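S.K.: Once you've had a glance at the structure underneath, I'll fire off some questions.
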Amino acid sequence: MAREEVKNMTVSKNQAAEMREYREKLRKFFKGRKDRTVYTNLLHTSRSGMFRVIGVIIIRDNKPIDISTWAAKALGWKWDRDRNGVEVTGAGMDMGFHLVYELSSVLYGYKNRGGYKLEQKWL
């Protein structure tokens, strides 16, 4: 199986194509919006505190839209089907901010403060 490099990640060509597809979907979703707030919801934390499942939600027309699946696929991170959230590993920082910063960075680039194009708030 052929593999491709996607920003410091080695993934299959199919996964790379899926990541590009979901990144483009999310870019279109946020295009032209002044409100780029992304809400995060802590769904699960492991006993060790090194693993979390976080839901990713945006508000459009006063209705919440769960984009957890799209975010996981755009980042190339795992998605927890049971809890319907993005699996995030690590500790020692705000992992909701980390998730949204990384999402913003893959959507808008790492240069020119692309990681700060989306704003994160906890629910």
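S.K.: Summing -39500 (n - 2.57) over the DSSP H runs of n ≥ 4 in the chain and dividing by its residue number, what mean residue ellipticity at 222 nm do you reach, to the nearest 500 deg cm²/dmol?
M.R.: -10500 deg cm²/dmol
S.K.: Given 0.36 nm per residue, what is the gain on full extension from E18 to K31 after removing their alpha carbon distance, in nm?
M.R.: Extending this stretch completely gives an extra 2.7 nm.
S.K.: Okay, next question. So what's the chain giving for Rg/Rh, alpha carbon basis, Kirkwood Rh from the mean inverse pair distance?
M.R.: Checking Rg against Rh, the ratio lands at 0.96.
S.K.: Related question: Distance cut-off 27 Å, Cα to Cα: go down the list K13/K121; K13/K78; K73/K121; K25/K111 and report the pairs above it.
M.R.: With Cα atoms farther than 27 Å apart: K13/K121.
S.K.: Tell me, what is the FRET efficiency for T69 and N112 to the nearest 0.05, using R0 = 30 angstrom and their Cβ-Cβ distance as r?
M.R.: Plugging the Cβ-Cβ distance into 1/(1 + (r/R0)^6) gives 0.60.
S.K.: About the Cα centre of the chain, what is the dipole size in debye to 20, counting +1 per Lys and Arg Cβ and -1 per Asp and Glu Cβ, all else neutral?
M.R.: Roughly 400 debye, rounded to the nearest 20.
S.K.: Then there is this: Take the alpha-carbon centre of the stretch 15-83, take the same for the stretch 94-120, and report the distance between them in whole Å.
M.R.: The stretch 15-83 and the stretch 94-120 have Cα centres spaced 12 Å from each other.
S.K.: If the cut-off is a Cα-Cα distance under 20 Å, which aspartates and glutamates reach K63, setting aside same-chain residues fewer than 8 apart in sequence?
M.R.: Hits, sequence-local ones excluded: D35, E119.
Coordinate-derived values only; no laboratory data. Predicted model only: the values in this text are computed from it and were never measured. Backbone-built Cβ (ideal geometry, glycine too); neighbour counts: all protein chains shown.
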